[in-house]
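Comments concern the structure below.
The values are calculated or read from the model by the stated rules, or taken from the named source; none is laboratory data. Just so you know, these numbers come straight off a predicted model, no measurement behind them. Positions of Cβ are backbone-derived with ideal geometry, glycine not excepted, and every protein chain shown enters the neighbour counts.
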Amino acid sequence: MDQIVEKTVRLFSKNEYVKINSIILVGSKLEDSKSDFWSDTDLIVVLKRGEAIEKEQIEKVVLGIGEIVGKEEYRTKDNIIQRLVVSFNNLIEKIDLKIITYEGWINTESQTTTQSKLLYGKSIPKSIKRNETLSKGGRNGENLERINRIWFVLFECIKKFMRNDNLIGLHLLLQLLSEYLVLRMQERDVKYTTNIHRMGYNEKLPKCLEFEQLNYRDKWAILSYIESLSIELDKQLGNQYSGYESRIKIFKEYLIKARKTLDNRT
């Protein structure tokens, strides 16, 4: 166990306020032959059953690891992911730290076949495979919120460009492209049964979404680009979520109105 891993495990395991079930190492650090200067340290901290995430206490533990010189954080109902750049013993170390509830682990992480090593605590049994639908509660409710948000931004993006607000229009368009790429990454994780990809696969965008197709100065061109993006997003959402109902027909009616507006302007 290298020094930064050892220190992180010690800090979490000794903290009386963050109650830990287990600490798990995943990723390239599992094998020296796959680890190099660019490798992150990927750690999953699983809380004890029934324990909630206390962000303030977790921050105190994280600050003890070393000097935080860069940080990116994501939060869901069941976990916090902190991507850290840490100055430690005159070295720059990169740590991907996921703190997850016991219930969150059972529902998600325990379903993967990613290789891992238990560093501290008790191993956790695999659970039965969950069926992900779009009901209103729990994680499935979060999925429906995500779908609603994506379609809201698609409609809003059209409106902003039609009002000649290119700054907000482009901001929303890049947000939608980001959502599309995340859906593609999640699809890749399912395909390779892991979210740890030391190297990529030289993936390509669909031809219709290549950046040379993006001409925000031409309203006809930008509407065509957004239409292509909506079709690709619709496909990805349909592939990922059972029970998903496409909204592409309604969206295309909105596009028709936008194009008629452009006709009237000429």
field: Residue that is surrounded by the most Cβ atoms within 10 Å (Cβ to Cβ) [pool: residues in segment 189-224 that are without any contact (Cβ under 8 Å) to a residue 12 or more places away in the chain and among the hydroxyl-bearing types (S, T, Y)]
entry: S224
- prompt: Out of the residues in segment 57-77 that are among the basic types (K, R) and over 23 Å from S28 (Cα atoms), which is surrounded by the most Cβ atoms within 10 Å (Cβ to Cβ)?
  reply: K60
- request: Could you tell me whether any residue of segment 9-32 is farther than 15 Å from Y120 by Cβ, at pLDDT 90 or above and among the basic types (K, R)?
  value: no
message: Pairs please, first residue from segment 136-161 and modelled with pLDDT under 90, second anywhere and in a helix (DSSP H, G or I), Cβ atoms under 8 Å, 6+ apart in sequence or on different chains.
response: K136/L144; R139/N107
task: Give segment 168-188 a look and list any residue that's farther than 18 Å from R146 by Cβ and without any contact (Cβ under 8 Å) to a residue 12 or more places away in the chain, or say none.
output: I168, H171
statement: Going through segment 31-56 in order, the residues found to be in contact with a strand residue (DSSP E or B) (Cβ under 6 Å, 6 or more places away or on another chain) and surrounded by fewer than 18 Cβ atoms within 10 Å (Cβ to Cβ) are K48
message: List the residue pairs whose Cβ atoms are under 9 Å apart, where the first residue sits in segment 8-33 and is touching a residue at least 24 places away in the same chain (Cβ under 8 Å) and more than 18 Å from I100 (Cα to Cα), the second is part of a helix (DSSP H, G or I) and β-branched (V, I, T), and the two are 6 or more positions apart or on different chains.
response: K29/V5
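Just checking, which of E187, E227 is farther than 24 Å from F155 by Cβ, in a helix (DSSP H, G or I) and not small (G, A, S)? It would help to see each step written out before you state the result.
Details: E227 fails: farther than 24 Å from F155 by Cβ.
One residue alone meets the criteria, E187.
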task: Go over the candidates Y225, Y180, Y201 one by one and state the one that is under 18 Å from the mean Cα position of the chain (by Cα), aromatic (F, W, Y) and outside the structural domain of R75 (by TED's automatic domain parsing).
output: Y180
task: Report, by residue number, each residue of segment 33-51 that is at pLDDT 90 or above and among the hydrophobic types (A, V, I, L, M, F, W, C).
output: L43, I44, V45, V46, L47
